[in-house]
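Q: Sending over a structure as structure tokens; questions will come in a sec.
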Amino acid sequence: MTQGNNTESSPDTQQPRKQRGGFFGNLIFNIIIPVVVLSRFSGEDSLGPMWSIVVALSFPIAYGLWDLRDTGKINPFSVIGVVSVFLTGGISLLQLDPQYIAIKEAAIPGAIGLAVLISQKTRFPLVKTLILNGQLIRVEALYQALAAKGNTALFERRLSQASLIVAASFFLSSALNYILARVILVSPPGTTEFSEQLGRMTALSYPVIAIPSMIVLLIAIWFVFSQIHRLTDEKLETFLIDNA
């Protein structure tokens, strides 16, 4: 009887909390809906330039805040996304020079890249924390295997190299963001043309910016995982939580 009760209350047998949102939620609320609103409803006979921006930006803001509330914890990337949208909306509604949007678009990924580099000097490097996630990797077992081969210090150096790759992906995103904004946002804020250009910039942000940056990030993850195999002589699956 006691054994049965322990089984029911064991953390290993509890259902994991359902993860909401995901790729399609982000795609629909952060890209598709804003692009449609800005492209199709920014004319004077519809919402108009200003209200189309307000309506378009309300979707990613609401989705980001809902995601924060639903997950029950602060996701720094969600916070950055909401802040970014607020800044874009503020600059647009105040009818400031479009170059400020270009600067903002470049500043946020650039700041993340700097944070990745600076965190290397702290006890909790961002890349190490993200890739060697305790919910995915049996970190203690991994470091025991590394120590047995005398490769712990070498693995730490490889993690530092991966951090440089990840930082480079954000710096690449920063440069592409700035170029894209400067090339597309050429009309004065407050005009229908500006709203349409803002929608075009949002639509192009995934294929032009997110995909190249994601490729670089995946290269960094592959690099770390390949080093785990090389420096421990064990398959990666050996250290995965699901295979414990």
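The values are calculated or read from the model by the stated rules, or taken from the named source; none is laboratory data. Please read these numbers as outputs of a predicted model, since none were measured by experiment. Using ideal geometry, Cβ is built from the backbone for each residue, glycine included, and neighbour counts are taken over all protein chains shown. Heads up: the accessible areas ignore ligands, DNA and RNA and are worked out on the full protein's heavy atoms, side chains in. Shrake-Rupley method; radii C 1.70, N 1.55, O 1.52, S 1.80 Å.
Q: For region 82-130, how many residues are touching a helix residue (DSSP H, G or I) at 6+ places or on another chain (Cβ under 7 Å) and closer than 27 Å to Gln161 by Cα?
A: So the answer is 16.
Q: Further question: Here is a list of conditions, (1) in contact (Cβ under 8 Å) with a residue 12 or more places away in the chain; (2) of a type outside the set (A, V, I, L, M); (3) in a helix (DSSP H, G or I), and Glu193 meets all of them except one; can you say which number that is?
A: Of (1) in contact (Cβ under 8 Å) with a residue 12 or more places away in the chain; (2) of a type outside the set (A, V, I, L, M); (3) in a helix (DSSP H, G or I), only one is false for Glu193: (1).
Q: To continue, here is another question. Can you find a residue in region 117-126 that is of a type in the set (Phe, Trp, Tyr), under 22 Å from the mean Cα position of the chain (by Cα), more than 30 Å from Ile53 (Cα to Cα) and outside any helix (DSSP H, G or I)?
A: Yes, some residue in region 117-126 is of a type in the set (Phe, Trp, Tyr), under 22 Å from the mean Cα position of the chain (by Cα), more than 30 Å from Ile53 (Cα to Cα) and outside any helix (DSSP H, G or I).
To keep it simple, each residue is scored yes or no on (1) open to solvent by less than 60 Å² (accessible area, probe 1.4 Å); (2) modelled with pLDDT of 90 or more.
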{"position": "Ala106", "(1), (2)": "yes, no"}
{"position": "Ala111", "(1), (2)": "yes, no"}
{"position": "Val116", "(1), (2)": "yes, no"}
{"position": "Lys121", "(1), (2)": "no, no"}
{"position": "Leu132", "(1), (2)": "yes, no"}
{"position": "Ala148", "(1), (2)": "no, yes"}
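Q: Hey, any hits in region 151-160 for a residue that's outside any helix (DSSP H, G or I) and in contact (Cβ under 8 Å) with a residue 60 or more places away in the chain?
A: yes
Q: So which residues in region 185-231 are surrounded by fewer than 19 Cβ atoms within 10 Å (Cβ to Cβ), among the aliphatic types (A, V, I, L, M) and within 30 Å of Ser92 (Cα to Cα), if there are any at all?
A: Across region 185-231, the qualifying residues are Val186, Ala203, Leu204, Val208, Ala210, Ile211, Met214.
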